[in-house]
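Just below is one structure, and these are the notes that go with it.
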Amino acid sequence: MRLSRYAVGRDNNFTLLRFSAAMTVLFAHSIAVLGLPPETEIFYSRLGFSLGEMGLDMLFVTSGFLVTASLAGRRDLVGYLWARALRVYPGLWTMLVVAVFGLAPMLTRLSLADYFHSPKTWEYLFKCATLIGGIRYSLPGVFETVPLKNEFNGSLWTMPVEVRMYLYLAGTWLVLAVVPSLRDRAMRFVLPLAAATIAAIVLSERLTGGPVNGANIRIFMFLYGSSLYLWRDRVPMSPAILVALFAALVAASFDKTVFFIVYFASLAPLVLHLAYVPGGRIRRFNAWGDYSYGVYIYAFPVQQTLAYLFPAMPLAAMMASSAAVSVAIGIVSWKLIEERALGRKDDFAAATRRLFVFGLTRIGASARPDSSA
């Protein structure tokens, strides 16, 4: 059976996979915020690749696959852009208001006057709120005594990468619209070619022993997910392939470099098999809500706060307590902010189209000669 037979409707495990990926990032960050060596994590010590990095890659594969499906299914750039904006920014802005005006003022060693007069406060708010040109990591006087000194929300580094991929995908769609009849066919070659180019860069860095750009890995995973959606009618799916993919990863674990190559090639199809092949009661998780984004954007400041308040906290306690608090906040964020914002995406898209038509009408009217002259 092909992927195209599975990739219809919403009966899948993507919500559970995203939540699981966000939680793996949280567990991996628990080690870092306590100042423990990376080798504390068994995955890192054996494979040279942390569980948190795997979680990020899962998030980018699912994002590339689902976002491309959204654009190709809608065939409406305005609706696509509103859907993407409302998925990212309302939750992000709410988190920033809570962090910058609530949590940080309680933790800063500066007076409130100095904190709010500091240019760093407003630069942090602006850069993180827009995600343009990267983000800022520090708020003045906050987290100066914890192991990850001055780092307020390290998880946000991926957000500009994610937004850029949304825009690159939209730009590709728009450019190829000059020949609408060939657009879908061209997308099937342009995106895989871009993925192959990024893959060559990453593997070259890895195999030559140089530093690997983490952003490039995430970009590749996004494009890999996009490419698999576009070629879904050719991608085989079966429980046997799912088992084979797991077996290949286990067999490759004897060497860090070999594992990275096998992992790099197999993660995206593995994620899609996990999203579609297992069925039954596991699908009930979809009814609970998508808490992954809230967990992801709140977990790091929660963990830094716990590390600041309880410097001697054991690793297990950090994992359990930060998970409990972050999931609770993620549920509230989804129910009160994210779900409601996403529910308005069609209204905003329709209003934008009406505004666009109105503007064109006014321009056309002003360009016509005055018939009374």
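Yes/no matrix, rows are residues, columns are (1) at pLDDT 95 or above; (2) in a helix (DSSP H, G or I); (3) among the small types (Gly, Ala, Ser):
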site: Tyr263; (1), (2), (3): yes, yes, no
site: Ser266; (1), (2), (3): yes, yes, yes
site: Val271; (1), (2), (3): yes, yes, no
site: Ala275; (1), (2), (3): yes, yes, yes
site: Arg283; (1), (2), (3): no, yes, no
site: Ala287; (1), (2), (3): no, yes, yes
site: Val295; (1), (2), (3): yes, yes, no
site: Ala307; (1), (2), (3): yes, yes, yes
site: Met313; (1), (2), (3): yes, no, no
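Exactly one residue out of Ala72, Ala22 is among the hydrophobic types (A, V, I, L, M, F, W, C) and surrounded by fewer than 21 Cβ atoms within 10 Å (Cβ to Cβ), and it is Ala72.
Only one of the numbered conditions (1) outside any helix (DSSP H, G or I); (2) more than 16 Å from Gly55 (Cβ to Cβ); (3) in contact with a Ser or Thr (Cβ under 6 Å, 6 or more places away or on another chain) is not met by Leu245, and that is (1). Taking segment 314-336 as the range and being open to solvent by 50 Å² or more (accessible area, probe 1.4 Å) and under 12 Å from Gly289 (Cα atoms) as the test, the residues that pass are Ile331, Val332, Lys335, Leu336. Of all residues in segment 215-258, those satisfying the criterion of being open to solvent by less than 60 Å² (accessible area, probe 1.4 Å) and touching a strand residue (DSSP E or B) at 6+ places or on another chain (Cβ under 7 Å) are Val235, Met237.
Residue-by-condition table, conditions (1) at pLDDT 95 or above; (2) over 30 Å from Leu26 (Cα atoms); (3) not polar (S, T, N, Q):
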residue: Pro140; (1), (2), (3): yes, no, yes
residue: Asn153; (1), (2), (3): yes, no, no
residue: Leu156; (1), (2), (3): yes, no, yes
residue: Leu169; (1), (2), (3): yes, no, yes
residue: Leu174; (1), (2), (3): no, yes, yes
residue: Thr208; (1), (2), (3): no, yes, no
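Summed over segment 112-146, the residues that are among the hydrophobic types (A, V, I, L, M, F, W, C), open to solvent by 30 Å² or more (accessible area, probe 1.4 Å) and over 29 Å from Leu86 (Cβ atoms) give a count of 3.
Considering segment 184-239, the residues that are hydrophobic (A, V, I, L, M, F, W, C) and not in a helix (DSSP H, G or I) include one that is farthest from Ser4 (Cα to Cα), namely Val212. Criterion applied to Leu66, Leu92, Leu96 was being of a type outside the set (Gly, Ala, Ser), open to solvent by 20 Å² or more (accessible area, probe 1.4 Å) and at pLDDT 95 or above, and the one residue passing it is Leu66. Close contacts from segment 151-162, counting a first residue that is more than 17 Å from Arg84 (Cβ to Cβ) and basic (Lys, Arg) and a second that is open to solvent by 10 Å² or more (accessible area, probe 1.4 Å) and modelled with pLDDT of 95 or more, with Cβ to Cβ under 8 Å and a gap of 6+ residues or different chains, come to none at all.
Taking the criterion of being open to solvent by 40 Å² or more (accessible area, probe 1.4 Å) and either under 23 Å from the mean Cα position of the chain (by Cα) or among the small types (Gly, Ala, Ser) (or both), would at least one residue in segment 289-300 satisfy it? No, there is no match, as no residue in segment 289-300 is open to solvent by 40 Å² or more (accessible area, probe 1.4 Å) and either under 23 Å from the mean Cα position of the chain (by Cα) or among the small types (Gly, Ala, Ser) (or both).
Restricting segment 147-178 to residues that are loosely packed, with under 15 Cβ neighbours inside 10 Å and of a type in the set (A, V, I, L, M), the residue that is nearest to Arg109 (Cα to Cα) is Leu167.
Okay, residues lined up against (1) farther than 27 Å from Met23 by Cβ; (2) assigned to a helix (DSSP H, G or I):
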| site | (1), (2) |
| --- | --- |
| Arg109 | yes, no |
| Asp114 | yes, yes |
| Thr121 | yes, yes |
| Arg136 | no, no |
| Leu139 | no, no |
| Leu148 | no, no |
| Leu156 | no, yes |
| Thr172 | yes, yes |
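Which pairs do you get when a residue that is farther than 21 Å from Cys128 by Cα and modelled with pLDDT of 95 or more, found in segment 100-114, comes within reach of a residue that is open to solvent by less than 50 Å² (accessible area, probe 1.4 Å) and hydroxyl-bearing (Ser, Thr, Tyr), reach meaning Cβ atoms under 9 angstrom, with the pair 6+ apart or on two chains? Cβ pairs passing all conditions: Leu110/Ser118.
Being hydrophobic (A, V, I, L, M, F, W, C) and not in a helix (DSSP H, G or I) is the filter; apply it to segment 27-51 and report the residue that is surrounded by the most Cβ atoms within 10 Å (Cβ to Cβ). Step by step, filter segment 27-51, then rank; the result is Leu34.
The values are calculated or read from the model by the stated rules, or taken from the named source; none is laboratory data. As the structure is a computational prediction, the values presented were derived from the model and not from experiment. Positions of Cβ are backbone-derived with ideal geometry, glycine not excepted, and every protein chain shown enters the neighbour counts. Just the protein is used for accessible areas: all its heavy atoms, side chains included, with ligands, DNA and RNA removed. Shrake-Rupley method; radii C 1.70, N 1.55, O 1.52, S 1.80 Å.
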